[in-house]
Structures are given as C-alpha cells and as structure tokens.
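To keep things clear, I will list the structure first and then write my remarks on it.
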Amino acid sequence: MKGAKILALVGLALGLGGCSLLLGQKEEPVDFWQPVLSPDGRFLAYVARPGEAKTYGLYLLDLASGEERLLVRMDQDVVYPTWSPDGTRIAFISMQEKDNWDLFVVEVATARVQRLTTDPALDVNPAWAADGTIVFNSNRGGTWGAWAIHPDGTGLRRLSFDRPRP
C-alpha cells in the first residue's frame with residue numbers, strides 16, 4: 001500500500017511541476033495547470049499558484065471578459081478539477097491531512113466547498129458521470145478500484161471488482 005501511495009504522489013508531482021520536481025531542476029513559474037473548459041465553453045477552470053502563494057488554488061477565467069476569479073484556496077494544493085455536466089459545480093482533490101488526498105466539490109456561483117471523502121486511502125482522478133455522480137479511483141481496502149459518490153457525499157459505492165494478483 002505504501003508503494004501505491006508513493007506512485008500516486010510521484011504522478012501528482014509530475015502533474016504539478018513536471019520533471020523539474022523529480023530531477024532537481026529549477027521549477028519555472030506557471031500561469032496555470034490542468035485547464036478544463038466548462039460544459040458551455042464560457043469558463044476555464046484551472047489550478048494556479050501565482051506570485052508568492054504557497055499552495056495551488058482553483059481559479060476561473062471568464063473567456064469573454066478575461067476576468068479571473070480565485071474560486072478555492074485551501075491549506076494544501078487543490079488539483080485535478082473537473083466540471084459537473086450542468087456546469088454548476090467542480091470536483092477536485094486536496095490533501096487536508098498528511099498523505100491523504102480526498103474529494104471535494106465547490107459550487108461555482110457561491111464558492112461553497114464540501115468535502116466528500118475522509119477515508120485514509122487515496123481518493124483521486126475524479127470524473128463526473130452524465131447523471132451527476134462522481135466516479136474516482138481509490139485504494140481503499142489495499143487495492144485500487146473505481147468508486148462512485150453523489151456530489152452531496154452520499155451513496156459511496158465500489159464500481160469495480162478486485163482483480164486477482166499474479
């Protein structure tokens with residue numbers, strides 16, 4: 001299980017800072033990471049750490065006006081945003097406890113954040129289903145699998161089965 005956590009964190013490091021974090025090179029300033037277009041094409045959500053900020057936050061860019069808005073800032077990085085099919089919410093992951101990535105949802109209009117998971121396992125790679133359910137990967141129980149949860153934090157269920165190990 002520890003190896004899986006290390007592998008997931010290496011993947012996250014590559015996503016946030018590219019090879020420079022792993023190879024000891026100087027990290028270049030970045031305007032944005034992980035851009036995702038809203039379903040109606042009007043907004044770009046992305047992860048950024050501008051200026052002297054210590055953590056990556058979730059930003060929205062109105063593509064018509066060019067207006068940027070900070071939507072979520074937390075004590076730890078906010079990463080892997082994904083829009084709900086109706087464009088009213090964005091799911092993302094963040095680490096609020098050491099080595100524990102969990103799922104969160106933010107209401108775009110109000111910036112109200114709700115934490116969906118609190119399990120000590122890694123909950124990563126959120127994606128919205130057409131019915132509004134959030135599908136994600138987790139290593140709950142010691143093996144990776146696909147899980148689903150409603151955006152209000154109810155209805156957690158495992159979707160995949162355990163594959164036999166060679």
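Miscellaneous remarks
- Checked against the criterion of being among the aliphatic types (A, V, I, L, M), surrounded by 13 or more Cβ atoms within 10 Å (Cβ to Cβ) and not in a strand (DSSP E or B), the candidates A148, A91, A111, A127 yield just one match: A111.
- Among the residues making up segment 28-61, those that are modelled with pLDDT under 95 and on the phi > 0 side of the Ramachandran plot are Q34, G51.
- Restricting the first member to segment 110-139 and to residues that are farther than 23 Å from R73 by Cα, and the second to residues that are assigned to a strand (DSSP E or B) and among the polar types (S, T, N, Q), the beta-carbon pairs closer than 9 Å and six or more apart or on different chains are V135/N125; N137/N125.
- Among the candidates E107, E68, residue that is free of Cβ contacts under 8 Å to residues at least 12 places away in the same chain and on the phi < 0 side of the Ramachandran plot: E68
The values are calculated or read from the model by the stated rules, or taken from the named source; none is laboratory data. Since the model is a prediction, treat every value here as computed from it, not as a measurement. Neighbour counts are summed over all protein chains in view; Cβ atoms, including those assigned to glycine, are modelled from backbone coordinates with ideal geometry.
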